[in-house]
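Student: Before anything else, here's the structure in question.
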Amino acid sequence: MSIPSIIRILLLGIILVLGGLWIGQNVNLLPVDASLNAAVYDELFRVLFSIGTILFLGILGLVLFSLIKFRRRPGQQGDGLALEGNLSLEVFWTAVPAVVVLFIGLYSFDIYDRMGGMVPLNHGAHDHQQMDMQQNIWGGIGANVEVSNTDNALAALPVEVTALQYAFLFHYPKGDIISGELHVPKGQLVSLRLEAKDVIHAFWVPEFRIKQDVIPGQPTVLNFTATKTGRYSIVCAELCGPYHGSMRSAVVVDEADDYNTWFSNNAKTTVSEA
Amino acid sequence: MTAAIPPTSDEQLDHLQPTGWLRYFSFSLDHKVIGLQYLVCGFIFYLIGGLLGGAIRIELASPMSDFMARDVYNQVLTLHGTVMIFLWIVPVVNGAFGNYLIPFYVGARDMAFPRLNAVAFWMIPPAGLMLISSYFITGAAQSGWTAYPPLSITTPAAGQILWILSVLFLGGSSIFGGINFIATILKLRRPGLKLMQLPMYCWAMLGTSILVVLSTPVLAGTLILLSFDIVVHTGFFNPGLGGNAVVYQHLFWFYSHPAVYIMVLPAFGLVSEILPAHCRKPLFGYTTMVYSIMTIVVLGLVVWAHHMFTSGTPPWMRLFFTIATSFIAVPTGIKFFNWLATLWGGRISLNSAVLFSCGFIVNFVFGGITGVMLAQVPFDIHVHDTYFVVAHFHYVVYGGSVFVIFAAIYHWYPKITGRMLNEHLGRFHFLITFIGFNLCFAPQHWLGLNGMPRRVAEYDPQFTFINQLSSAGALLMALSTLPFLWNVVQSAINGPIAGDNPWKALTPEWLTSSPPPVENWTGEAPLVTEPYGYGVTEEQFQKTATNNSDRRSSDQ
């Protein structure tokens, strides 16, 4: 192999990596990010998207190159090169993907930890008095998302979510409010405790990048902190019957003041903390 | 089940081939007849499943639920998934090509248990008919091909029970086939033929059959428990009666994740047969291919809970299954790099079989990359149960397995019928299939990322255009079967005569006549120790290149 072709391959590789990185960082396929989770998630997405783009374009390029360059021309006889294997090459393309995959796995766990996913579900921040801990929490993204950034958010805002065919109901233990829409203040940690009445549903807010199955008989937990005011869809993501597609609700993220107004207008019991 | 005119065993001993088209409707014990029965039966169900898929895409061409009733829509999506998996891909990549090829590859005259083999096939048409007819008789199951309780317990019981029964039949057929393949590959090899000399498809089928035998019984047991819950109101999975709905998911995915490998490992094997013959090169890295298949088999059994990252799974379980799932990318990657290396420096005939194989490589790499992304818990939490997942698994099972089925049909058609297919039509078929497939499924990734869940009949109006794009792709896919069907039928009648070995391939099935006689060889089976012994040394390669005055291919 002559030196120019090595340089050519190197150059192609550099262009590929830089191009993939550029696409991964600049092509945005995701909706607006409206929670602390979402920003972290988008970081992971950009990394995965960059690596994926580099790999895919590289392999696509190799396939096309081989098909064009090594195609059988008219009149050409005979076989290709009798290459049965190459140990160092095979070790190379075993080791490199293993390292990449290991990196992705560790990195995504760092991300997951930052989302609060690695907190043991039945310890620590979940024994609010409102939460009846007789039943185990079976799954979800747990507690201990840093409750910083805000002054009044000393504790998580607990909300009990009930899913049934084909609606979500939100119960605020503090004010004994039952609402068909979820109202949360911007910047405050919200802790949902979800349980279904009939079949399995799933609670999904695309703009928050969080989803949790809502299971009958097995309460689950989901914590998030909204960062942008607005109105976002809550989508049921688990097939739950004929009207699954129309099982929608909304989460309304307000400034703290607006939220407090809504809360006191609807609260049945006066709550000192609110 | 109809005209049961079995070629009795003494006829078999007399080497009397049951002739005429009726033998394809008989309880034939000839592995080649059974292979074709699987293939044609599977293709008919592919057309039915395709119609169901088309109905889904028509419904989704508009954001309203306006094409069919909502419960009918759920029946259609349940049937679409069940038919495509259990009646098309699994029987065809395993049963059809496995039965046709494995006895040739091990140098045998038939499978180890020919009668069990025929029984395994004849379980499929009644099961399939029962599944389809449930739609007309009672209304089909409505809970998706996953049949998660409590939904599957609360939807109309008759359809769900018929669904369970037919899946049990199909699972039984699959287990019989798996046992047969293991016995044939391990015990029926021609004397002198070593395991590490077998064509790669044998290894793929050995690995697949191990998965089938280990995991399908778990699905069968689970579905029987589910049917108890439905019929006699036991409470295994019914939370209302103290049962646990998530346990069902564990048991279901313990089979159904390996089922993905049951659908793609044989496809990997078929591609490993097709590429070397048309690239005129040995299969690159035979030994690492074998080890990666076996690694995929082992890892494939311990990754099931990645389908349940948003269910009730504790954090440690999420950690374990993320790592295990991600590592499947390593042996899978080895196989893809080996195929790329097989292409490199070849004399590639750009025919339909190669085009479909390379289409498979491109599609599957794409599906594999999104697969590694989905294996990451935090990533999956956003896109689980959305169109991103729908797009991902269609890239794997359609872009992967179905592309390979077409490649395999183009490759082995001359052997099966003795006639060549029309190459121009074949390449045209590839082109519109490839474009249609990518147009249909690539945009769905975006839909999932932006908030469209799967299994819905209605969606937000902002997704209308992308869904219509996807439906247009589906229409193209539907149209792409027409040139294929025409080609297959027309060529069987008056395609050019193929001869015994039109590809000058070295694997054993090409060393007999086309179509092969009953019991495969007129004399003794040939001993093929180098099924991929193609290729010339480097000096000869350079010389032929310059002899043909092609200077570009000589400077690498």
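The values are calculated or read from the model by the stated rules, or taken from the named source; none is laboratory data. Values in this document were obtained by computation on a predicted structure and should not be read as measured data. Glycine also receives a Cβ, built like all others from the backbone with ideal geometry; neighbour counts cover every protein chain displayed.
For (1) closer than 16 Å to B:Gly346 by Cα; (2) among the polar types (S, T, N, Q); (3) outside any helix (DSSP H, G or I); (4) within 26 Å of the chain's Cα centre (by Cα), each residue gets a yes or a no:
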residue: A:Pro31; (1), (2), (3), (4): no, no, yes, yes
residue: A:Glu43; (1), (2), (3), (4): no, no, no, yes
residue: A:Arg46; (1), (2), (3), (4): no, no, no, yes
residue: A:Ser50; (1), (2), (3), (4): no, yes, no, yes
residue: A:Leu89; (1), (2), (3), (4): no, no, no, no
residue: A:Trp93; (1), (2), (3), (4): no, no, no, no
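Student: Starting from region A:59-72, take each residue that is over 20 Å from B:Gly368 (Cβ atoms) and free of Cβ contacts under 8 Å to residues at least 60 places away in the same chain and list its partners that are among the hydroxyl-bearing types (Ser, Thr, Tyr) and surrounded by fewer than 19 Cβ atoms within 10 Å (Cβ to Cβ), counting only C-beta distances under 8 angstrom and pairs at least six apart or across chains.
Tutor: Sorted first by the residue in region A:59-72, then by its partner, the pairs are A:Arg71/B:Ser349; A:Arg72/B:Ser349.
Student: Also, I was wondering about something else. If only one of B:Thr146, B:Thr234, B:Thr138, B:Thr154 is under 23 Å from the mean Cα position of the chain (by Cα), among the polar types (S, T, N, Q) and closer than 30 Å to B:Val72 by Cα, which one is it?
Tutor: After applying the criteria, what remains is B:Thr146.
The rows are residues; the columns are (1) touching a residue at least 24 places away in the same chain (Cβ under 8 Å); (2) within 18 Å of B:Ile230 (Cα to Cα); (3) in a helix (DSSP H, G or I).
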{"residue": "B:Leu87", "(1), (2), (3)": "yes, no, yes"}
{"residue": "B:Tyr100", "(1), (2), (3)": "yes, no, yes"}
{"residue": "B:Tyr105", "(1), (2), (3)": "yes, no, yes"}
{"residue": "B:Ala108", "(1), (2), (3)": "yes, no, no"}
{"residue": "B:Ala118", "(1), (2), (3)": "yes, no, yes"}
{"residue": "B:Gly128", "(1), (2), (3)": "yes, no, yes"}
{"residue": "B:Ser166", "(1), (2), (3)": "yes, yes, yes"}
{"residue": "B:Leu193", "(1), (2), (3)": "yes, no, no"}
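Student: Can you report the number of residues in region A:14-27 which are at pLDDT 90 or above, surrounded by 12 or more Cβ atoms within 10 Å (Cβ to Cβ) and over 11 Å from A:Leu57 (Cβ atoms)?
Tutor: 2
Student: Can you tell me how many residues in region A:209-229 are more than 17 Å from A:His171 (Cβ to Cβ), of a type in the set (A, V, I, L, M, F, W, C) and more than 9 Å from chain B (Cβ to nearest Cβ)?
Tutor: The total comes to 2.
Student: Moving to a separate point now. Which condition breaks for A:Leu192 when tested against (1) under 24 Å from A:Tyr112 (Cβ atoms); (2) surrounded by fewer than 23 Cβ atoms within 10 Å (Cβ to Cβ); (3) more than 13 Å from every other protein chain (Cβ to nearest Cβ); (4) of a type outside the set (D, E, K, R)?
Tutor: (2)
Student: Got at least one residue in region B:304-323 being more than 7 Å from chain A (Cβ to nearest Cβ), among the β-branched types (Val, Ile, Thr) and at negative phi?
Tutor: no
Student: Please specify each residue of region B:21-39 satisfying the condition of being among the hydrophobic types (A, V, I, L, M, F, W, C) and under 11 Å from B:Gly95 (Cα atoms). Walk me through it before giving the result.
Tutor: Pass one, region B:21-39, residues among the hydrophobic types (A, V, I, L, M, F, W, C): B:21-22, B:25, B:27, B:29, B:33-34, B:36, B:39.
Passing the criteria: B:Ile34, B:Leu36, B:Leu39.
Student: Sticking with this one: Quick one: B:Leu101 ticks every box in (1) touching an Asp or Glu at 6+ places or on another chain (Cβ under 9 Å); (2) within 14 Å of another protein chain (Cβ to nearest Cβ) bar one, so which box is it?
Tutor: Single failed check for B:Leu101: (2).
Student: Considering only region B:308-321, state which residues are touching a Phe, Trp or Tyr at 6+ places or on another chain (Cβ under 7 Å) and crowded, with 22+ Cβ neighbours inside 10 Å.
Tutor: Result: B:Gly312, B:Arg318.
Student: Among the residues of region B:362-406, write down those that are touching a Leu at 6+ places or on another chain (Cβ under 7 Å) and more than 14 Å from chain A (Cβ to nearest Cβ).
Tutor: Result: B:Val404, single match.
Student: Same structure again: Can you go through B:Phe428, B:Phe441, B:Phe437, B:Phe388 and tell me which one is modelled with pLDDT of 95 or more, surrounded by fewer than 24 Cβ atoms within 10 Å (Cβ to Cβ) and more than 17 Å from the chain's Cα centre (by Cα)?
Tutor: Within the list B:Phe428, B:Phe441, B:Phe437, B:Phe388, the selection yields B:Phe428.
Student: Same structure, new question: Checking the structure you have, find out if any residue of region A:21-43 is of a type in the set (Phe, Trp, Tyr), closer than 30 Å to B:Gln462 by Cα and more than 8 Å from every other protein chain (Cβ to nearest Cβ). Walk me through how you get there before you give the answer.
Tutor: Looking only at region A:21-43, we keep the residues that are of a type in the set (Phe, Trp, Tyr), and these are A:22, A:41.
Cutting the leftovers down to closer than 30 Å to B:Gln462 by Cα gives us A:22, A:41.
Those still in the list that are more than 8 Å from every other protein chain (Cβ to nearest Cβ) too: A:22.
Within region A:21-43 (the criterion being of a type in the set (Phe, Trp, Tyr), closer than 30 Å to B:Gln462 by Cα and more than 8 Å from every other protein chain (Cβ to nearest Cβ)), the answer is yes, since at least one residue qualifies.
Student: Sticking with this structure for a sec: Would you be able to tell me the number of residues in region A:90-118 that are modelled with pLDDT of 85 or more and either within 7 Å of chain B (Cβ to nearest Cβ) or in contact with a Phe, Trp or Tyr (Cβ under 7 Å, 6 or more places away or on another chain) (or both)?
Tutor: Summing the residues that are modelled with pLDDT of 85 or more and either within 7 Å of chain B (Cβ to nearest Cβ) or in contact with a Phe, Trp or Tyr (Cβ under 7 Å, 6 or more places away or on another chain) (or both) in region A:90-118 gives 12.
Student: Of all strands (runs of 3 or more DSSP E) completely enclosed by region A:201-246, which ones contain at least 1 residues that are touching a Cys at 6+ places or on another chain (Cβ under 8 Å)? First the steps, then the outcome.
Tutor: Numbers: elements: A:201-205, A:210-214, A:220-225, A:230-236.
Where strands (runs of 3 or more DSSP E) fall fully within region A:201-246 and carry at least 1 residues being touching a Cys at 6+ places or on another chain (Cβ under 8 Å), they are A:201-205.
Student: Given the options B:Ser292, B:Ser311, name the one that is within 20 Å of B:Pro258 (Cβ to Cβ) and in contact with a strand residue (DSSP E or B) (Cβ under 9 Å, 6 or more places away or on another chain).
Tutor: None of the others qualify; the one that does is B:Ser311.
Student: Further, regarding this structure: Go through the residues of region B:420-427 one by one and say whether even a single one is within 12 Å of chain A (Cβ to nearest Cβ) and not in a helix (DSSP H, G or I).
Tutor: Checked against the condition, which is being within 12 Å of chain A (Cβ to nearest Cβ) and not in a helix (DSSP H, G or I), region B:420-427 yields no hits at all.
Student: Turning to a different aspect of this structure: Picking from B:Ile274, B:Ile296, B:Ile328, which residue would you name as being part of a helix (DSSP H, G or I), out of contact with any Gly (no Cβ under 9 Å at 6 or more places or on another chain) and closer than 17 Å to B:Gly400 by Cβ?
Tutor: Step by step, each of B:Ile274, B:Ile296, B:Ile328 is checked, and only B:Ile274 is part of a helix (DSSP H, G or I), out of contact with any Gly (no Cβ under 9 Å at 6 or more places or on another chain) and closer than 17 Å to B:Gly400 by Cβ.
Student: A follow-up question, please. With buried (at least 20 other Cβ atoms within 10 Å of the Cβ) and either at pLDDT 95 or above or not hydroxyl-bearing (Ser, Thr, Tyr) (or both) as the only criterion, which of B:Gly139, B:Gly159 stands out?
Tutor: Every option except B:Gly159 fails the conditions.
Student: Still on this structure: Take the residues in region B:504-536 that are of a type outside the set (Lys, Arg), within 14 Å of another protein chain (Cβ to nearest Cβ) and surrounded by fewer than 20 Cβ atoms within 10 Å (Cβ to Cβ); name whichever of them is nearest to B:Glu273 (Cα to Cα).
Tutor: Within region B:504-536, the subset of a type outside the set (Lys, Arg) is B:505-536.
Those still in the list that are within 14 Å of another protein chain (Cβ to nearest Cβ) too: B:505-506, B:529-536.
From what is left, the residues that are surrounded by fewer than 20 Cβ atoms within 10 Å (Cβ to Cβ) are B:506, B:529-530, B:533, B:536.
Working: B:Leu506: 10, B:Thr529: 15, B:Glu530: 12, B:Gly533: 12, B:Val536: 19 Å.
Per the criteria, the residue is B:Leu506.
Student: Could you tell me whether A:Ala95 is surrounded by fewer than 16 Cβ atoms within 10 Å (Cβ to Cβ) and of a type in the set (Gly, Ala, Ser)? Steps first, answer last, please.
Tutor: Working: surrounded by fewer than 16 Cβ atoms within 10 Å (Cβ to Cβ): yes; of a type in the set (Gly, Ala, Ser): yes.
So A:Ala95 fits the description; yes.
Student: Let me ask something else about it. Can we say B:Asn351 is touching a Lys or Arg at 6+ places or on another chain (Cβ under 8 Å), more than 9 Å from chain A (Cβ to nearest Cβ) and among the polar types (S, T, N, Q)?
Tutor: Yes; evaluated as a whole, the condition is true for this residue.
Student: Give region A:162-198 a look and list any residue that's within 24 Å of the chain's Cα centre (by Cα), more than 15 Å from A:Ser249 (Cα to Cα) and part of a loop (DSSP other than H, G, I, E, B), or say none.
Tutor: Scanning region A:162-198 gives A:Lys186, A:Gly187, A:Gln188.
Student: Among the residues of region B:142-156, write down those that are touching a residue at least 12 places away in the same chain (Cβ under 8 Å), on the phi < 0 side of the Ramachandran plot and crowded, with 22+ Cβ neighbours inside 10 Å.
Tutor: Result: B:Gln142, B:Ser143, B:Tyr148, B:Pro149, B:Pro150, B:Ser152, B:Ile153, B:Thr155.
Student: Has region B:134-143 got any residue that is closer than 30 Å to B:Val271 by Cα, part of a loop (DSSP other than H, G, I, E, B) and of a type in the set (Val, Ile, Thr)? If you could, list the steps in order and put the result at the bottom.
Tutor: Pass one, region B:134-143, residues closer than 30 Å to B:Val271 by Cα: none.
No, region B:134-143 contains no residue that is closer than 30 Å to B:Val271 by Cα, part of a loop (DSSP other than H, G, I, E, B) and of a type in the set (Val, Ile, Thr).
Student: So, one more: Residues of region A:48-62 being surrounded by fewer than 20 Cβ atoms within 10 Å (Cβ to Cβ) and at the interface with chain B (Cβ under 7 Å from one of its Cβ atoms), which ones?
Tutor: If the condition is that a residue be surrounded by fewer than 20 Cβ atoms within 10 Å (Cβ to Cβ) and at the interface with chain B (Cβ under 7 Å from one of its Cβ atoms), then A:Phe56, A:Leu60, A:Leu62 are the ones that fit.
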